[in-house]
Each structure stands twice: as C-alpha cells, then as structure tokens.
Amino acid sequence: MLRVLKQIIDTGLLSEALPAARAEWRQGEALHAEILRVFQRALNIREVDAGSCNGCELEIHALENPYYNLQGAGIKFVASPRHADLLLVTGPVSKHMVEALQRTYAATPDPKRVVAVGDCGACGGIFGESYASVGAVSKVIPVDVVVPGCPPTPTAILQGILTAVASR
C-alpha cells in the first residue's frame, strides 16, 4: 500500500488542463435569462392533443431529451392549464374536443399564448374539415404562432415557442 502511495506522489498530476469556456455554448444561459426576465420564473407549457395522429407529440416529447434540454432553458410542461403560460395545440380539432379546448383556453391565466403545431393545427392538414373535425385550431381559439410541418421538427417547435415568448 505504501509503495502505491509513493508511486502516486512521485508521478504527480498527469491530467490535462481544463479547456476554456466557449461563448457559443452559453446561448442556453441567455435564453434562460430572457425567460426569467419575461416570466419571472420558468415558462410553463400545457400541451393539448386536439385530435392528432401523434406525429407532432413524438416531436414534442423529443424536446425533453438531453439533446434539446428544454428544462435546462427554463421551459417545462405542466399538467394543468391553470399553471400554464402557453398552450401547445396539435392536430385538427375534432368535434369532440372543441369544448375541451375552449375550456382549457379559458382556464389558462392571462396573458396567455397559443402555438398551433403542425399542418393539422394550422389548417386541418390531410384531415381538413369533415363530419368529425372542425379543422384548424384558430377556428376554435385565437392562435398566436403557427408551426408548419407534418410533423415539424423539434427545432421548429422550439422556434415557435420562442417566437410566442418574444412577441410578449
């Protein structure tokens, strides 16, 4: 045991020096600071599936993985619209979801923002208007930002969220 300790002392430190900080990696910190400036806390999002095929939901769930690190930027999803600052709505609004979406919008405290995600949320997409669907989210509640795509990429969804925050 003493021989090993002597060898450690004789060898000294062999590790490399720490790398310098990179300024471009601090964008997440700036985003977090801006969200705190606007909201005085984290941005709370309530996601509402108004009748989608779940393609947009998969991309929204990808926002929570370590690559996009949404929570590290000060953005989190909440279970209740009463705690939300922003509604993220996917899919064409089915006729069964009209009242639920209106109630969710009414329960969200002011000032609130609404982001319609995907082509279905924007205009009804391939489902359009039919006996089962009223079409676009904007036909049911006011929409601030529309994120096009079928499904849109997580980056596009994040850009839509940040556009809604910046328009405050």
Legend entry - Qualifying residues in region 121-168 (those that are part of a loop (DSSP other than H, G, I, E, B) and under 12 Å from L86 (Cβ atoms)) - the one modelled with the lowest pLDDT: R168
Inset, instruction - Would you point out which residue out of E16, E24, E34, E29 is over 15 Å from the mean Cα position of the chain (by Cα), at pLDDT below 85 and in a loop (DSSP other than H, G, I, E, B)? - result: E16
Legend entry - Residue that is surrounded by the most Cβ atoms within 10 Å (Cβ to Cβ), among those in region 98-120 that are of a type outside the set (D, E, K, R) and in a loop (DSSP other than H, G, I, E, B): T108
Inset, instruction - State which residue pairs qualify: first residue on the phi > 0 side of the Ramachandran plot and inside region 80-99, second residue of a type in the set (D, E) in any location, beta carbons under 6 Å apart, and separation of 6 or more residues or different chains. - result: G91/D49
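The values are calculated or read from the model by the stated rules, or taken from the named source; none is laboratory data. Everything numeric here is computed off the predicted structure, so don't read it as measured data. Ideal geometry is used to build each Cβ from the backbone, glycine not excepted, and the neighbour counts take in all protein chains shown.
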